[in-house]
């Protein structure tokens, strides 16, 4: 999955000559914590609610400009950056979001919440699903056979997680689009597969 698929593509932005108080009001109005700073259609900085808190003295709000407190060289990504890479940048740099640039032009913003939502979606955790836990021999062909039986019995596998191998066997956790698991379990057992647990 690419950043361009999950970013906010109509980002709220501000110019560097605006007052910090105006930036704060803009964040509050749109319920956001990050603002790209744009001049002549080019990104020139990045300002966060944390930056604003550090200068949040009422007597100074009308004196300090966005340019005075913005980060002038923020970490950025492009629409073609992989979501995993964007997540790594957020994690390693301990930031809450990044501007998305295409040829130097601001085209979006991606935040930590966008990334969390994307990973939950990729894992199939935000759609209704069932889970089926099998203990299988630690061989690829066994996994393929179990997946085939699940599919033939009406199940649609979203993803498969693997547990640690022990004595030639490994637990496999199948997340399946929500359905009646009983026909699937019966089919697996008839072919000698060990079902250790399930969540309807």
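The values are calculated or read from the model by the stated rules, or taken from the named source; none is laboratory data. Because the structure is a prediction, the values reported are computed rather than measured. Ideal geometry is used to build each Cβ from the backbone, glycine not excepted, and the neighbour counts take in all protein chains shown.
Miscellaneous remarks
- A single member of 143, 101, 188, 162 is in contact with a strand residue (DSSP E or B) (Cβ under 8 Å, 6 or more places away or on another chain), modelled with pLDDT of 90 or more and not assigned by TED's automatic domain parsing to the domain that holds residue 50, and it is 188.
- In the set (1) under 23 Å from the mean Cα position of the chain (by Cα); (2) free of Cβ contacts under 8 Å to residues at least 40 places away in the same chain, the condition left unmet by residue 175 is number (2).
- In region 33-57, the residues that are surrounded by 14 or more Cβ atoms within 10 Å (Cβ to Cβ) and under 13 Å from residue 99 (Cβ atoms): 34, 35, 36, 37, 38, 43, 44, 45, 46, 47, 48
- Residue within region 161-168 that is buried (at least 16 other Cβ atoms within 10 Å of the Cβ) and without any contact (Cβ under 8 Å) to a residue 60 or more places away in the chain present: no
- Residue count, region 66-96 (criterion: outside any helix (DSSP H, G or I), in contact with a helix residue (DSSP H, G or I) (Cβ under 6 Å, 6 or more places away or on another chain) and touching a residue at least 24 places away in the same chain (Cβ under 8 Å)): 4
- Flag for residue 197 being under 14 Å from residue 130 (Cα atoms) and either in contact with a strand residue (DSSP E or B) (Cβ under 7 Å, 6 or more places away or on another chain) or surrounded by 16 or more Cβ atoms within 10 Å (Cβ to Cβ) (or both): yes
- Qualifying residue in region 72-93 (condition: over 20 Å from residue 1 (Cα atoms) and at pLDDT below 85): no
- Test for residue 188: is it surrounded by 17 or more Cβ atoms within 10 Å (Cβ to Cβ) and free of Cβ contacts under 8 Å to residues at least 60 places away in the same chain: yes
- Every pair of residues 6+ apart whose Cβ atoms lie under 6 Å, when the first sits in region 25-37 and is not assigned by TED's automatic domain parsing to the domain that holds residue 10 while the second is in a loop (DSSP other than H, G, I, E, B) and surrounded by 11 or more Cβ atoms within 10 Å (Cβ to Cβ): none
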